[in-house]
Amino acid sequence: MVAPSGREESPGTSPGVPIAEAARQLGVPMPTLRSWELRYNLPESARGAGKHRRYSTADLHGLRLMRDEIARGKRASVAAESVRQLLQHTGAASEFVNDILAASDRSDPIAVREHLTRAHGTLGLAACLDDVLLPAMRQVGLWWQTGRCDVEQEHLATEASRAWLETLSAYAPAPTRATPLVLACGPTDLHTIGLEALGTLLRYQQWPVRLLGARTSVPALETAVHASRAGAVVIVSHLNSGRARAIQSLHAANVLGVEVFYAGNAFTSLRSRRNLPGSYLGTRLQDACELIDTTLGQRPVTS
C-alpha cells in the first residue's frame, strides 16, 4: 500500500502519517491541528494504539477541507460543522457516491453514467444532483489535487457526468415560465459542472435557460442578456482569485436592470458577500431553485 506521502508502508508500521508530516502536507501548524482535534473532534480518530497521532488519507482529507473552509473566511466552529456535513454521506446517496467513485477509479465512464441514472430513478433529480453528483465530483477533484488520481481520470469522470447532464437536459419539458435565465461562470472561472447541474434542474422546473459556461466575459454576458431578453442572471465563481472579476459581472448585470443571483465557493463567507448586488443562492441546488422561484415570483404554468 502506498502512503499519502508516496512512500511504501511496511507491514509492521502503523497506517497513516505522524502529526509533523500531516502539518507539512497541509501547511497547517501542529498546534492548530491539535486544537482542531481537541475542540472540534476533527479528525475523529487520529490516535493509534500508542496514543500517538497518526493521520490516514481520510483524516487528511477532512483536515484539508477544514483548512480550506477557514481560508474562505469561516470561523473554526462553523468550518468544523461544514466539514462534518461534507463528510456525512449515509444511506442510498452514499452508496451511489461510492459506486461512482469506484467507476471513476477504474476509468469506466459508462458505469459513471449508469450509476447517475440509477440515482436519478431512486432519489429524484434534485437529490441526485445535490447528494450524489456534486459530492462525487467534489471528491474526484480532491483526489486529483492530492495525487490520488491523474488528470485523465478527473477529466473522464467530469466529462461522463457532463454527458449525462446534457442527455438529461435534452429531454427536459418545454419551458412555461415567462422569465428567461442566463447562467454563467465568472470571467476567470473554469469549473462548470455545478452550473450545468443547476441549469438542468431549472430546465426540469420549466425555466427557459441559456447556459454560457466557463470564462464568460462581461461583454459576452451583456450580449447574452440582451439577445435572450433575460430577466435574471446567475454568476458562479469558485476560486477566490476569480472573485473580483465575478463581482464585475454581478455589477454589470445589475446595471442592465435584471435580477442578479450568485453562488460558488468564492462567496461562501459573509465577508465575501458584503455590499454585493443580488442574492446568494447557497450551496444546494434545491435551495437555489426555491430562492429563484420566490424572488421572481413565478410558478410553472399548468394546463
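Just so you know, all these numbers are worked out from the coordinates, no wet-lab data involved. What you see is a predicted model; the values in this text were computed from it and never measured. Cβ coordinates were reconstructed from backbone atoms using ideal geometry, including for glycine residues, and neighbour counts include every protein chain displayed.
Values computed for the structure shown
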quantity: Over 21 Å [Cα-Cα, the stretch 235-303], rounded percent; calculated: 27 percent
quantity: Extension gain (nm, one decimal) between THR223 and ALA111, 0.36 nm per residue minus Cα-Cα; calculated: 36.4 nm
quantity: Derived scalar couplings ³J(HN,Hα) [the stretch 184-201; Karplus, 6.51 cos²θ - 1.76 cosθ + 1.60; whole Hz; x for Gly, Pro]; calculated: 8, 7, x, x, 10, 8, 9, 7, 10, 4, x, 5, 5, 5, 4, x, 5, 5
quantity: 3J(HN,Hα) from dihedral phi, the stretch 242-250, Karplus parametrisation 6.51/-1.76/1.60, rounded to Hz, x for glycine, proline; calculated: x, 5, 4, 5, 5, 5, 4, 5, 4
quantity: Loop-exposed GluC sites (Glu not before Pro) per DSSP, neighbour cap 15 Cβ within 10 angstrom, longest uninterrupted part of the chain; calculated: 45-303
quantity: Calculated FRET efficiency for the pair LEU190/GLN85, C-beta based, R₀ 35 Å, to 0.05; calculated: 0.85
quantity: Segment SER241-SER35, extension gain: residue separation times 0.36 nm, minus the distance between their alpha carbons; calculated: 71.3 nm
quantity: 5 angstrom amide H check on ASP189, placed H, neighbours 5+ away; calculated: ARG215, THR216
quantity: Spin-label pair HIS251/SER94, simplified geometry with 7 Å Cα→Cβ offset, distance in nm; calculated: 4.6 nm
quantity: Once the Cα gyration tensor of the chain is diagonalised, semi-axes √(5λ) in Å; calculated: 37, 23, 16
quantity: Amide H contacts under 5 Å for ARG210, placed H, 5+ residues apart; calculated: LEU181, VAL182, LEU183
quantity: Which of LEU285, LEU165, LEU133, LEU26 has the fewest Cβ neighbours within 10 Å, and the rest in rising order; calculated: LEU26, LEU165, LEU285, LEU133
quantity: Residues with amide H under 5 Å from that of GLU259, placed H, sequence gap 5 or more; calculated: ALA232, VAL233
quantity: Stokes-Einstein D in µm²/s, Kirkwood radius over Cα pairs - the stretch 91-170 at 4 °C with 1.567 mPa s viscosity; calculated: 106 µm²/s
quantity: Cα-centred dipole magnitude for the chain, charges only on beta-carbon of K, R (+1) and D, E (-1), debye, nearest 20; calculated: 1040 debye
quantity: Hz values of 3J(HN,Hα) by residue in the stretch 111-118 - Karplus curve (6.51, -1.76, 1.60), Gly and Pro given as x; calculated: 5, 4, 5, 5, 5, 5, 5, 5
quantity: Helix axis angle, 151-170 relative to the chain longest principal axis, alpha carbon, degrees; calculated: 30 degrees
quantity: Three-way shape call for the stretch 181-296 based on the alpha-carbon gyration tensor, with the a/c threshold at 1.5; calculated: rounded
